[in-house]
Amino acid sequence: MKVSVLNLRNRFKQKNASVPTVPGCYCFWFDNQGMQKILKPLESACTRKLQKKVIDGKDCYALYFGIAKNLKDRAKWHICQHHSMSSVKSGYLSTLRQTLSALLRLNMSVSEKSVNTFLDEHCYFEYFGKKTLDESRACEENELCKNYYPLNIQHNKCVEKQTINSLKHIRKEYRK
């Protein structure tokens, strides 16, 4: 199931998000304009390797893949999380939100509104329910071994080390 982040954020606010509370995998897809903006600081990222789908009539690119014990909770965490200084310092801020803040060149503790706006304007959330968390882990391992997700750091087999190291460096720089 694919849904715009803006639509999903609004559903969470109204307490009627239809994302299931089961284990699963998810992917964040960005339209062309969003993809270009996000990957610009990662000069070594290879856009030719990105998966592409047409969503709502727009070319969209898969940039981030993850797993969840509970898809609804994970979607809400990535999409609606607040950027407090304590969540930044403790490392509790969503990995995706940390990455987007850094790639947008914004300090993580003050980037909440900008990240929300960026996600709302450029992003789609796709999810796949699984029977178990182990099944989700196997799905993620397979995805990160065969497809190119430049915003994933851990267990990423397809993205160049230079790109991953650059992303780590940029994230460290904006962890404020």
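The values are calculated or read from the model by the stated rules, or taken from the named source; none is laboratory data. Nothing here was measured: the structure is a model prediction, and the numbers come from that model. Cβ atoms come from the backbone with ideal geometry, glycine included; neighbour counts cover every protein chain shown. The accessibility values were calculated without ligands, DNA or RNA, using every heavy atom of the protein model including side chains. Shrake-Rupley method; radii C 1.70, N 1.55, O 1.52, S 1.80 Å.
Overview of values
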| quantity | calculated |
| --- | --- |
| Cα convex hull of the stretch 74-176, projected area averaged across orientations, nm² | 6.8 nm² |
| For the stretch 1-70 versus the stretch 158-174, the gap between their alpha-carbon centres in whole angstrom | 20 Å |
| Hydrodynamic radius by Kirkwood, which averages 1/r over all alpha carbon pairs of the stretch 1-98, in angstrom | 14.9 Å |
| Calculated on alpha-carbon atoms, Rg and Dmax of the chain in Å | 15.1, 42 |
| With every protein chain in place, the chain: carbon and sulfur % of accessible area (1.4 Å) | 47 percent |
| Debye log10 I(q)/I(0) at q = 0.34 Å⁻¹ for the stretch 27-68, Cα point scatterers | -1.26 |
| For residue 64, residues with placed amide H under 5 Å, excluding near neighbours | 28 |
| Accessible area in square angstrom per residue, the stretch 1-149, 1.4 angstrom probe | 49 Å² |
| Sorted peptide list for 15-28, 117-130, criterion being average Cβ within 10 angstrom, highest first | 117-130, 15-28 |
| Burial order of peptide ranges 96-106, 155-165 (average beta-carbon count within 10 Å, highest first) | 96-106, 155-165 |
| 11 Å beta-carbon shell around residue 75, net charge (K/R +1, D/E -1) | +3 |
| Within the chain, helix-based [θ] at 222 nm, where runs of 4 or more DSSP H residues each add -39,500 (n - 2.57), nearest 500 | -13500 deg cm²/dmol |
| Per-residue HN-Hα couplings for the stretch 84-91 [Karplus 6.51, -1.76, 1.60; θ = phi - 60°; Hz; x = Gly/Pro] | 8, 4, 5, 5, 5, 5, 7, x |
